[in-house]
Amino acid sequence: MAPQNEDQAFSQSENLDLPLDDERWLGVRLKALRRERKLSLHNLAELSGLSTGMLSQIERGLSSPSLRSLRLLGVALRVPISWFFALPENDETPESRYITRRGHRRLLKLTPTGVMKELLSPVSSELMEMYELLLQPGGSSGDDFYSHQGEKAGIVVAGTLQLWLDAQPHLLREGDSFQFPSMLPHRFDNPGREPTRVIWMTSPPMPKKGNTAS
């Protein structure tokens with residue numbers, strides 16, 4: 001019998017029911033969706049603009065993607081970025097279509113970039129998504145600027161946020177807020193010595209293909 005290649009084998013270690021670390025869980029989930037879409041790594045690389053090497057490392061849990069990379073993958077795979085968030089146990093409740101309880105928030109943790117996002121929006125949200133963003137000191141959205149269709153807004157609830165809009169830095173402190181068209185090239189980071197918390201809103205949750213750029 002011919003040996004299976006990496007894209008054909010689905011080992012027991014890739015069972016989504018097993019306890020996995022954040023990077024491994026995300027990689028397993030991404031690989032499962034790619035296969036569901038009947039895409040090879042090469043196909044997904046062409047659609048997303050990411051290299052096959054990077055995609056392979058993400059799927060194997062060896063590399064944590066930036067927020068920009070997740071948005072590119074979301075556009076390519078036709079899912080909102082919230083799809084990449086881990087689901088807490090017993091997430092389905094009668095009210096979960098409209099209400100998100102504190103203990104039922106979905107979590108996205110990007111360890112190397114110092115970013116953690118908790119989804120505040122209910123699972124049924126289609127026009128807007130709201131997050132609580134935690135940025136460790138030095139944490140950032142990545143080195144590259146990115147843009148896409150829609151609108152973004154938020155308020156800094158703790159710490160400092162350096163928001164770059166069209167290559168211009170803006171230092172925001174606790175109580176400062178922002179709103180801008182997402183087509184404006186942007187990125188952000190935490191230049192301070194303390195963690196930063198931001199309530200962040202994005203509309204729409206899933207940009208149309210072709211409207212995401214570096």
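What percent does the relative contact order of segment 20-84 come to when contacts are Cα pairs within less than 8 Å and at least six residues apart? The partial results should precede the final answer.
Details: 57 pairs, mean separation 25.4, N = 65.
Answer for segment 20-84 is 39 percent.
Is segment 20-84 best put as rounded, prolate or oblate by its Cα gyration tensor, with a ≥ b ≥ c the root eigenvalues, rounded for a/c under 1.5, and otherwise prolate when a/b is larger than b/c, oblate when not?
Since a/c stays below 1.5, the shape of segment 20-84 is classed as rounded.
Amide H of Leu120: which non-local residues (sequence gap of 5 or more, or other chain) have their own amide H closer than 5 Å, using H built in the peptide plane?
Here the answer is Met130, Tyr131, Glu132, since their amide H atoms fall under 5 Å of that of Leu120.
For the pair Met54 and Phe180, how long in nm is the line joining their label points, each one 7 Å along Cα→Cβ?
Reported label-point gap for Met54 and Phe180 is 2.1 nm.
Going down the table (Lys109/Lys152; Lys117/Lys152; Lys31/Lys152), which pairs top 24 Å between alpha carbons?
Lys31/Lys152
Is the shape of segment 163-205 best called rounded, prolate or oblate, per the rule: a/c under 1.5 gives rounded, else a/b larger than b/c gives prolate, else oblate, with a ≥ b ≥ c the square roots of the Cα gyration tensor eigenvalues?
The shape class here is oblate.
No value in this document is a laboratory result; all are computed from the given coordinates. Please read all numbers here as calculations on a predicted model, not as lab measurements. Don't worry about glycine lacking a Cβ; one is built from the backbone with ideal geometry, like all the others, and counts go over all protein chains shown.
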